[in-house]
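Engineer: This is the structure I want to talk about, given as structure tokens.
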Amino acid sequence: MATALIKKHKYASSAILAGSIVSAAAVITQYYKGSAARSAPPLHPLLDDGIKKGDAKFAGGKLRCHCASRTVEVTLDGNVAHNHACGCSKCWKPEGALFSVVAVVPRDQLRVTANEDKLYVVDDKAAIQRHACEECGVHMYGRIEAEHPFKGLDFVHVELSQEKGWQEPQFAAFVSSIIEQGFDAEKMGDVRAKLKAVGLDTFDSLSPPLMDLIASWTAEKKA
Ligand SMILES: N[C@@H](CCC(=O)N[C@@H](CSCO)C(=O)NCC(=O)O)C(=O)O
Ligand SMILES: [Zn+2]
Ligand SMILES: [Zn+2]
């Protein structure tokens, strides 16, 4: 079995030539990781075919909802930051996707430039007030109005834009949250392997630097 796997694998010959049991074991591990990643369900259209790098000089663009007429339009006057895959139940996901891809932009760089009257707040009790189109359901932006470490930042989905150059996803957050929405816990290994395979570190909260930022804000508040 192991020999068959080694023979099949594209890195097999170099491992065998090196004659190293250690490197052969690494090849097998990589094969299993690879096959798990391949068998994982679709994560998100911006992730499934590999992540395309953004453009550091990109200066912003327009987001549009999915309505064919009276489309809601949001204009961003700069690139986004902290773009990430999010498995939480609150962030908007396109049809069939397990994850959302969501980023932040300073709120003074975001303007609703068409059909704002179609927007409503999905949950006014949530920290992030997500403004969604009442017709197609797409979340156009999420704003924090309460005291919060991220107050001043709006949450947006760059896949709603035709322009290219938005910052690419940097990490995967709230990965285990997909289980709360009905995903089979036993298949989480495949999902994490696929996220890893496209280059994203996986976390069950936000990334460590963002969690540190939140904790520092909380500590300062307490002091
Ligand atoms: N398990 C919960 C987690 C929800 C959650 O805490 N989501 C985060 C991240 S959203 C973007 O990264 C959050 O900050 N939520 C605040 C809010 O949504 O208002 C679940 O899955 O629901
Ligand atoms: Zn719409
Ligand atoms: Zn989320």
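The values are calculated or read from the model by the stated rules, or taken from the named source; none is laboratory data. Keep in mind that what you see is a predicted model, and the values were worked out from it rather than measured. Neighbour counts run over all protein chains shown; Cβ positions are idealised from the backbone, glycine included. Ligands, DNA and RNA are excluded from the accessible area calculation, which covers all protein heavy atoms including side chains. Shrake-Rupley method; radii C 1.70, N 1.55, O 1.52, S 1.80 Å.
Engineer: State yes or no: is HIS66 within 16 Å of ligand 3 (Cβ to nearest atom) and either touching a residue at least 40 places away in the same chain (Cβ under 8 Å) or open to solvent by less than 20 Å² (accessible area, probe 1.4 Å) (or both)?
Structural biologist: no
Engineer: Among the residues of region 97-118, which ones are crowded, with 20+ Cβ neighbours inside 10 Å and either without any contact (Cβ under 8 Å) to a residue 40 or more places away in the chain or not hydrophobic (A, V, I, L, M, F, W, C) (or both)?
Structural biologist: If the condition is that a residue be crowded, with 20+ Cβ neighbours inside 10 Å and either without any contact (Cβ under 8 Å) to a residue 40 or more places away in the chain or not hydrophobic (A, V, I, L, M, F, W, C) (or both), then SER100 is the only one that fits.
Engineer: Free of Cβ contacts under 8 Å to residues at least 40 places away in the same chain and more than 18 Å from the chain's Cα centre (by Cα): is that true of ASP123 in this structure?
Structural biologist: Yes, satisfied.
Engineer: Please enumerate the residues belonging to region 157-195 that are assigned to a loop (DSSP other than H, G, I, E, B), surrounded by 18 or more Cβ atoms within 10 Å (Cβ to Cβ) and within 16 Å of ligand 2 (Cβ to nearest atom).
Structural biologist: Hits for region 157-195 are HIS157, SER161.
Engineer: How many residues does region 140-176 hold that are near ligand 1 (Cβ under 10 Å from one of its atoms) and farther than 24 Å from SER216 by Cα?
Structural biologist: 1
Engineer: Consider GLN170 carefully, then state whether it is polar (S, T, N, Q), at pLDDT 95 or above and away from ligand 3 (no atom under 14 Å from the Cβ).
Structural biologist: yes
Engineer: Continuing with the same structure: Consider region 99-117. How many of its residues are away from ligand 1 (no atom under 13 Å from the Cβ) and hydroxyl-bearing (Ser, Thr, Tyr)?
Structural biologist: Of the residues in region 99-117, 1 are away from ligand 1 (no atom under 13 Å from the Cβ) and hydroxyl-bearing (Ser, Thr, Tyr).
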